[in-house]
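Structure record follows, encoded as structure tokens.
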Amino acid sequence: MAIVQTFHHPARAAMVADAVPASQLTNAIGLTSIMFNVARSTGPALAGFLIAALGTASCYAVQVGFYLLAIACTLRLRPAPGTATSGIGHAAPVASFGQSIIEGWTFSWRNEAVRAGLLIMMGASLFIVPFTTLLPVFARDLLGVGATGQGALLTAMGLGALCSAVLLASFGDRLPRGLLMLAGVTAYGLSVVAFATSASFRLSLGLMGLVGLAHVSSHALVQTVVQTHSPSAFRGRTMAIFHMSAVVMTLGSTLVGMLAALVGARWAVAAMGATGALLIVAIGVALPRTRMIR
């Protein structure tokens, strides 16, 4: 799955930017985020029901069915006539694989807006997002609500993210993206800290809604900034770097698991969330022009 996603995610993200005018990119990414969060809102609840009724294996069977449906729909896609596929003319010299990678990293670092967005994304992926790895521990051992309760927690997070995605799709390019990235991801980390300290399931549900509301600022909004400030020739490469956050999140999941074994799940999640929030504040101080990104 990881190998497939290595090719799938950057290609899909770059296709969105190539399919709409630049002035509507924020709206388009907001709409794709809405679709994702609708699935994330309803999926965990369905999974909890299926686990309780038919067992865990039933979830994987249903997921395979939806993958097959998605493949069938994707096979029907065709490029529009006269649409460029790469942003570079066919007569342009083709860079080697290694040179192409180096050019992508060089551009991403030299472009301040892209660099700031990627740093924010990587910081969130390393310290904040991995808290979901320990959700089963919170649901089963700390809140005592089991698999159904875990599904409800994820659904609450999905609903919060859905509301945020609707706002992103509605207001589009009128949003002050830089400020929202910094403030949103900082709020994300602080919300995770609050969730870690909660002993009430109802309060935890509300906090997961806030977590979801802030999560979009660390993903969809950063993706908008990276794509907006990347020319078409580099967009696929910058999005490939953007999706390397999955690798960083794996490292973060390992780290939070090790901390949980040493100090407990609550302290581990709280410490990681607080560190992530402080890191985003540090990025805002070190790169002050990030706040001016539109």
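The values are calculated or read from the model by the stated rules, or taken from the named source; none is laboratory data. Only a predicted model underlies this, so the values are computations on that prediction, with no experimental measurement involved. Cβ: placed from backbone, ideal geometry, glycine included. Neighbour counts: every protein chain shown.
Assorted remarks:
- Condition check for LEU159: part of a helix (DSSP H, G or I), at pLDDT below 80 and in contact with a helix residue (DSSP H, G or I) (Cβ under 6 Å, 6 or more places away or on another chain): no
- Checking each residue in the range 264-294 for being in contact (Cβ under 8 Å) with a residue 40 or more places away in the chain, closer than 12 Å to ILE120 by Cβ and of a type in the set (A, V, I, L, M, F, W, C) picks out ALA277, LEU279, ILE280, VAL281, ILE283, LEU287, ILE293.
- Residue within the range 73-88 that is modelled with pLDDT of 75 or more, over 20 Å from the mean Cα position of the chain (by Cα), within 23 Å of ARG235 (Cβ to Cβ) and surrounded by 12 or more Cβ atoms within 10 Å (Cβ to Cβ) present: no
- Qualifying residues in the range 47-63 (those that are in contact (Cβ under 8 Å) with a residue 24 or more places away in the chain and surrounded by 15 or more Cβ atoms within 10 Å (Cβ to Cβ)) - the one nearest to LEU77 (Cα to Cα): ALA47
- Selection count where residues are touching a Ser or Thr at 6+ places or on another chain (Cβ under 6 Å) and closer than 30 Å to ILE101 by Cβ, scope the range 26-44: 2
- Given (1) under 20 Å from ILE34 (Cα atoms); (2) surrounded by fewer than 24 Cβ atoms within 10 Å (Cβ to Cβ), number of the condition VAL222 does not satisfy: (2)
- Answer residue from the range 136-148, given it is surrounded by fewer than 22 Cβ atoms within 10 Å (Cβ to Cβ) and in contact (Cβ under 8 Å) with a residue 60 or more places away in the chain and is nearest to ALA265 (Cα to Cα) among those: VAL137
- Condition met for THR106 (free of Cβ contacts under 8 Å to residues at least 40 places away in the same chain, among the hydroxyl-bearing types (Ser, Thr, Tyr), assigned to a helix (DSSP H, G or I) and closer than 25 Å to SER253 by Cα): no
- The sole residue among SER33, SER41, SER108 that is in contact with a helix residue (DSSP H, G or I) (Cβ under 6 Å, 6 or more places away or on another chain) and at pLDDT 80 or above is SER108.
- Remark: VAL285 falls outside the filter, which requires a residue to be surrounded by fewer than 21 Cβ atoms within 10 Å (Cβ to Cβ), within 20 Å of LEU182 (Cβ to Cβ) and within 17 Å of the chain's Cα centre (by Cα).
- Residue match in the range 213-235 (condition: farther than 12 Å from MET121 by Cβ, among the charged types (D, E, K, R) and either under 17 Å from the mean Cα position of the chain (by Cα) or modelled with pLDDT of 85 or more (or both)): no
- Some residue of the range 254-266 being among the polar types (S, T, N, Q), crowded, with 18+ Cβ neighbours inside 10 Å and farther than 17 Å from ALA214 by Cα: no
- Residue that is nearest to ALA220 (Cα to Cα) [pool: residues in the range 109-118 that are surrounded by fewer than 19 Cβ atoms within 10 Å (Cβ to Cβ) and touching a residue at least 60 places away in the same chain (Cβ under 8 Å)]: ARG115
- Checked against the criterion of being part of a helix (DSSP H, G or I), over 16 Å from VAL225 (Cα atoms) and free of Cβ contacts under 8 Å to residues at least 40 places away in the same chain, the candidates ALA246, ALA261 yield just one match: ALA261.
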